[in-house]
């Protein structure tokens, strides 16, 4: 579904003339724009411009003030010094009376066009005046935004975003310093670890030898002790005769009886 | 040399928080790798003893078969001096060389980016020299912004909306 103008292009391209080719719209770089503005400013507002005799035409915010709907206030102000506030009204009424008396303005059936017309105008303004005013104001505002405000603000916003991005990039270059310090520290930590490993190895070697010697001598002494104890014990048990065994058993029994007697007495 | 290294292991010379903040997101793996390596080395260093550990020779003396052995060992142990390891592969030099290289690159980047920033700033200030909206005429507006006016190389058809012009081609749309 093509738009009508695209169909025109399509039809035209069917002709045997030069085919319709795509021409991209003009685009300018920042430098080109700045150059153009500088040049145009130098012409319109530069030293050769005669601002006194040819002031810059400026679009006023609103039309000049009016009194009674359609009569410019400047006419009232013009008459004020001479006639005061009621002057223009007196002039208007007097003019009307003069025209009636001289029969310049005749009250015939055409006369009533004037009050009817202006009454209708007043009525329409009374009912829809605000609406119409607001509609046109909004249209003008929209036009200004589309043509001027939005593009200019977009340009500024793009520039500011580019500045922020660039500043972020400059901050990111700090990474090189941090990386360098981290690598240096890693290397130095590795050297320190190797040094400490050597200390530990020396300590462990010395300790190993000392421990071996002490353990060895302890083991020898222990063996001698155990052997001696066993030998003594075995000899003693061998030397016990049956006679001695009987005597020792009897003395044990006697001792036990004595202890039992003592126990009964104490209870 | 040893004492310098010992002092440093208590607090790192690298500001890891700042490092993590400034590094671009695409290089986060580099940071992770170097941090893990750093932590590994730091753990190893903390596990190992700072100085030569002490041995209680008097205790051994009573238990040894040969008492003079304890004295000999003590004298030798105290006289022990362990050399600090030497950087055989010259890693520190390599790190310094890399630093010099990176410095040059960083300088280039900073000058280029700074120029961009200055260009943008001047552009913003030039925008402020433009006349106010009320002060333009149709003619002067087109002089200030030539792309809004009529371009004889590229005539447009009423109502001059860009998207309705036969010239405009959307991506993928075929002319025929």
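Starting from the eigenvalues of the Cα gyration tensor, five times each then square-rooted, give me the equivalent ellipsoid semi-axes of the protein assembly as shown, largest first, whole Å.
Numbers: eigenvalues 2497, 274, 142 Å².
Working through the eigenvalues yields semi-axes of 112, 37, 27 Å.
For chain B, modelled as a GNM whose springs connect Cα atoms under 10 angstrom apart, the maximal fluctuation among B:100, B:163, B:78 occurs at B:163. Between residue B:80 and residue B:61, the modelled labels are 1.9 nm apart [label points 7 Å from Cα along Cα→Cβ].
Per residue of B:116-123, count partner chain C-beta atoms within 10 Å of its C-beta, then hand back the mean as an integer. Numbers along the way, then the final one.
Details: counts 5, 9, 2, 7, 11, 3, 4, 9.
Taking all residues of B:116-123 together, the mean is 6.
Computed over chain A, the per-residue total of -39500 (n - 2.57) for DSSP H runs of n ≥ 4 gives a 222 nm mean residue ellipticity of -26000 deg cm²/dmol, rounded to 500. Rounded to the nearest 10 degrees, what's the angle between the helix A:150-172 long axis and the longest principal axis of chain A, both from Cα atoms, 0 to 90? Approximately 20 degrees, to the nearest ten. Taking every residue in A:255-264 and counting other chain Cβ atoms within 10 Å of its Cβ, the average works out to 0.
Okay, helix-only estimate at 222 nm for chain B: each DSSP H run of n ≥ 4 adds -39500 (n - 2.57), divide by all residues, round to 500 deg cm²/dmol; what do you get? It lands at -18000 deg cm²/dmol.
Normalised size of chain B, defined as Cα radius of gyration per 2.2 N^0.38 Å with N residues, equals 2.35.
So, R0 is 35 Å and r is the distance between the beta-carbons of residue A:253 and residue A:226; what FRET efficiency does that work out to, to 0.05? Walk me through the intermediate numbers first.
Numbers: r = 35 Å, r/R0 = 0.99.
The computed FRET efficiency comes out at 0.50.
Return the whole-Å distance between the Cα centroid of region B:8-42 and the Cα centroid of region B:49-124. Taking the Cα centre of each part, region B:8-42 and region B:49-124 sit 17 Å apart.
Look at where the Cα atoms of region A:150-168 and of region A:37-70 average out, and the two centres are 31 Å apart. A simple spin-label model places pseudo-atoms 7 Å from Cα toward Cβ; at residue A:110 and residue B:71 they are separated by 15.2 nm. Placing pseudo-labels 7 Å out from each Cα toward the beta carbon at residue B:15 and residue B:96 gives an inter-label distance of 2.5 nm.
Who wins for biggest fluctuation among B:160, B:38, B:90 in a Gaussian network model of chain B, springs between alpha carbons below 10 Å? Highest fluctuation among the options: B:160. Among the residues of B:81-87, the average count of other protein chain beta-carbon atoms within 10 Å of the residue beta-carbon is 4.
Bear in mind that the values in this text are calculations on the coordinates, not laboratory data. From a predicted model like this one, the values you see are computed outputs, not experimental measurements. Counting neighbours? That spans all protein chains shown, and the Cβs are built from the backbone with ideal geometry, glycine included.
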